[in-house]
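First up is the structure itself, then whatever we jot down about it.
The values are calculated or read from the model by the stated rules, or taken from the named source; none is laboratory data. A quick note: this is a predicted structure, and the numbers were derived from the prediction, not measured. Glycine also receives a Cβ, built like all others from the backbone with ideal geometry; neighbour counts cover every protein chain displayed. Heavy atoms of the whole protein, side chains included, go into the accessibility calculation; ligands, DNA and RNA do not. Shrake-Rupley method; radii C 1.70, N 1.55, O 1.52, S 1.80 Å.
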Amino acid sequence: MIYKRSSALFAEAEKVIPGGVNSPVRAFKGVGGTPIFVKEAKGAYLYDEDGNRLIDYINSWGPMILGHAHESVVNAVIEKAQKGTSFGMPTEIETKIAELAVSMVPNIDKIRFVNSGTEACMSAVRLARGFTGKDKIIKFSGCYHGHSDSFLIQAGSGASTFGTPNSPGVTKGTAKDTLLARYNDLDHVKQLIDANKNEIACIIIEPVAGNMGCIPPKKDFLEGMRALCDAHDILLVFDEVMTGFRLAKGGAQELYNINADIVCFGKVIGGGLPVGAFAARNEIMNHLAPLGPVYQAGTLSGNPLAMAAGLAMLTELNNDDKVFDRLAEKTAYLHAGMAKVLDENNVVYTINRVGSMISVHFDDSDVVDFESAAKGNNDKFKAFFHGMLNQGIYIAPSAFETWFITDALSYEDLDFTIEAVNQASKDL
């Protein structure tokens, strides 16, 4: 495919935008080459500035469950925009989407809307600290909760070692309150809790990891963390920015029958517009201002356009009893087809899948945490990425990202994708 126009646009962007992009992964640094500039999208397809059509497997990193430019979502935004785009005042639609979200998700009584998943996770941790009166948090290596300072921490060695910043601008004072655990390693979590008794406010986790590829929780891992949190008066925070309203109506809590204390949302809840939210039961949420002492605010929180898009999206998902089954069936079909051609081409690989999230790792060992995900052959992934792109398939330009399946994908699209995998993997 030809990307002459995209190349020219990227060169222009580099002059006025750091790295030419407004989010680092878009720059193709992980795979090489020039980023693709999108002109428009519809259903399962992207159309770039050079006129190429691409089958999309990132779907704006998750929210386009029903496909791009879904009619009900677009119409809701247009209708709302004609009445004003922002007021900084309460609107009825905020209550409507809040009522719907609370009815769909287990174990929450109230929800607070913000503007991004980063803001949701940042606010959830602040609320957990305010509610418990404790300062430290546990996060998991490889789980991404946005670019708030508390989350940009890399692991030290030993069970009680404090994290250290892995981005300039994050202070050591901030880093000392973040403890790093290994995903799917309950014993390591226990060690951290024992080494920091009565100091940990919360454990925050992606219940299904999506930022080191798709990594499911091992059997009893989430249940074990719930028990540990109960035993030590620690709040369990589920970052469901990716999994919320995607894996089930009630997200990962419903799928795994595990109740978190605080749940973070993003992406889907705004139908693709900038939005986030965090939610919990009354006793926790009532600690938020103006009811309680924990402060959180935002002029654009509950923005009417985002609320309209989110209400339309959640209404569609809530009214369609088969959508999550269809998504899972399509993802399973893709999994089986890719595995078949990768086997035929003698490619070393592992595929992980949960619901409508799936990823391919070019290593044959089990991928259960960040360390095992990092063992994948990145050179093979780069070749695979460009091989897929050349055949009209757009996957995430990073070996450490999940693919997202949309209901707009047809089985013809999936068959086309499987054949693209066949061709792209022949020389790996």
field: Whole-number accessible area per residue in Å² for the range 284-428, which is evaluated in the context of all protein chains at 1.4 Å
entry: 41
With all protein chains modelled, accessible area of Trp61 [1.4 Å, Å²]: 50
statement: In the range 282-422, taking the dipole from +1 charges on Lys and Arg beta carbons and -1 charges on Asp and Glu beta carbons about the Cα centre, the listed residue (Phe416, Ala399, Thr350) farthest towards the positive end is Ala399
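Roughly to the nearest percent, how much of the accessible area of the chain is carbon and sulfur, given a 1.4 Å probe? Intermediate results must be reported in sequence, preceding the final value.
On the way: 9000 of 17940 Å².
Carbon and sulfur together cover 50 percent of it.
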field: Cβ-placed point charges (K, R +1; D, E -1), dipole of the chain about Cα centre in debye, nearest 20
entry: 900
- line: Projected onto their principal axes, the Cα atoms of the range 1-93 stretch, largest extent first, over whole-Å spans of 47, 29, 21
- line: With the range 211-333 reduced to its Cα atoms and the Debye formula applied, log10 I(q)/I(0) at q = 0.09, 0.11 1/Å amounts to -0.31, -0.46
- prompt: Using θ = phi - 60° and the Karplus curve 6.51 cos²θ - 1.76 cosθ + 1.60, what whole-Hz ³J(HN,Hα) does each residue of the range 136-148 get, with Gly and Pro shown as x?
  reply: 7, 10, 10, 10, 10, 4, x, 7, 10, 10, x, 9, 5
query: Which Cα, out of Met212, Ser23, Val102, lies furthest along the positive dipole direction of the chain (beta carbon charges, K/R +1, D/E -1)?
result: Ser23
query: Projected onto the charge dipole of the range 1-118 (+1 at Lys/Arg Cβ, -1 at Asp/Glu Cβ, origin at the Cα centre), which of Ser72, Ala13, Met89 gives the Cα projection farthest towards the positive end?
result: Ala13
query: Roughly how large, in nm² to one decimal, is the mean projection of the convex hull of the alpha-carbon atoms in the chain?
result: 20.1
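Provide the FRET efficiency to the nearest 0.05 for the Asp363-Thr299 pair, computing r from the beta carbons and using R0 = 56 Å. Don't jump to the answer; show the numbers that get you there.
Details: r = 46 Å, r/R0 = 0.82.
Computed FRET efficiency for Asp363 and Thr299: 0.75.
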query: Under a 5 Å amide H to amide H cut-off, with H placed in plane at 1.01 Å, what residues pair with Arg281 once short-range neighbours are removed?
result: Asp109
- request: With a 1.4 Å probe and every protein chain left in place, tell me how much accessible area Asp220 has, in Å² to the nearest 10.
  value: 80
message: Given a Förster distance of 30 Å, report the FRET efficiency between Asn319 and Gln82 from their Cβ-Cβ distance, rounded to the nearest 0.05.
response: 0.75
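In debye, nearest 20: dipole of the range 294-428 around its Cα centre with unit charges on the Cβ of K, R (+) and D, E (-)?
Working: 9 positive and 20 negative charges, 56 e Å.
For the range 294-428, the charge dipole is close to 260 debye.
Can you tell me how much longer the chain between Thr95 and Tyr47 gets when fully stretched, taken as 0.36 nm per residue apart minus their C-alpha distance, in nm with one decimal? Kindly include the intermediate steps, with their values, before the conclusion.
Numbers: separation 48, 0.36 × 48 = 17.28 nm, distance 3.58 nm.
Answer, rounded to one decimal: 13.7 nm.
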- line: Asp379 and Glu12 label points (each 7 Å along its Cα→Cβ direction) are spaced in nm at 3.8
query: Expressed as a rounded percentage, what relative contact order does the chain have, with Cα pairs under 8 Å and six or more residues apart?
result: 22
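Beyond 32 Å between alpha-carbons counts as too far, so tell me which of Lys29/Lys83; Lys219/Lys267; Lys176/Lys330; Lys42/Lys382 fall in that bin.
On the way: Lys29/Lys83 41 Å; Lys219/Lys267 27 Å; Lys176/Lys330 44 Å; Lys42/Lys382 27 Å.
Listed pairs above 32 Å: Lys29/Lys83; Lys176/Lys330.
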- request: Work out from phi, with θ = phi - 60° and the Karplus expression 6.51 cos²θ - 1.76 cosθ + 1.60, the ³J(HN,Hα) of each residue of the range 267-273, listed in order in whole Hz, and give x for Gly and Pro.
  value: 6, 4, 5, x, x, x, 8
- prompt: Within the chain, which complete DSSP H helices have Cα atoms spanning at least 20 Å along the helix axis and a mean Kyte-Doolittle hydropathy of -1.0 or higher?
  reply: 117-132, 304-319, 323-344
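Per residue of the chain, what 222 nm ellipticity follows from adding -39500 (n - 2.57) for every DSSP H run with n ≥ 4, rounded to the nearest 500? Before the final figure, lay out each step's value.
Details: 14 runs with 158 residues, N = 428.
Dividing the helical sum by the residues of the chain leaves -11500 deg cm²/dmol.
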